[in-house]
Amino acid sequence: MPSTQRGQRLPLLITRAVIVINSEVAVPLAIVCATSVGLLLRWFQHRERMARIAADRDRTPMEEARLARLEQAMDDMALEVERVGEGQRYVTRLLSERAGVPLHRSPD
């Protein structure tokens, strides 16, 4: 207990503290809290969705065969696009040589 002089004691007064928060602090604090709660909920939803997707990964042999055919078709298309590009470069070189215009090659 607090004392003023030796041997004398003052009564301890307990008061209720009132916290006053102005709007300059309360509004940003409310926004941060609401955003944090929202992000936390979205994170939990994302984890649940990813768990469901991981559980559904078991593919049938028919799906595996279809994906293999799709992969092969994509590889074939990439090869054909490369061939078309080579043909375009060849034709461009022939036309420029015929016209006598030197080609500007980019350093590789």
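The values are calculated or read from the model by the stated rules, or taken from the named source; none is laboratory data. A quick note: this is a predicted structure, and the numbers were derived from the prediction, not measured. When we count neighbours, we look across all protein chains shown, and the Cβ atoms used for this are built from the backbone with ideal geometry, even at glycine.
A few remarks follow.
- Of all residues in the stretch 45-82, exactly one satisfies the criterion of being among the β-branched types (V, I, T), in a helix (DSSP H, G or I) and at pLDDT below 95, namely I53.
- Of the listed requirements (1) at pLDDT 85 or above; (2) surrounded by fewer than 10 Cβ atoms within 10 Å (Cβ to Cβ); (3) over 41 Å from the mean Cα position of the chain (by Cα), M1 misses just one: (1).
- Tallying residues that are surrounded by 10 or more Cβ atoms within 10 Å (Cβ to Cβ) and acidic (D, E) within the stretch 49-63 yields 1.
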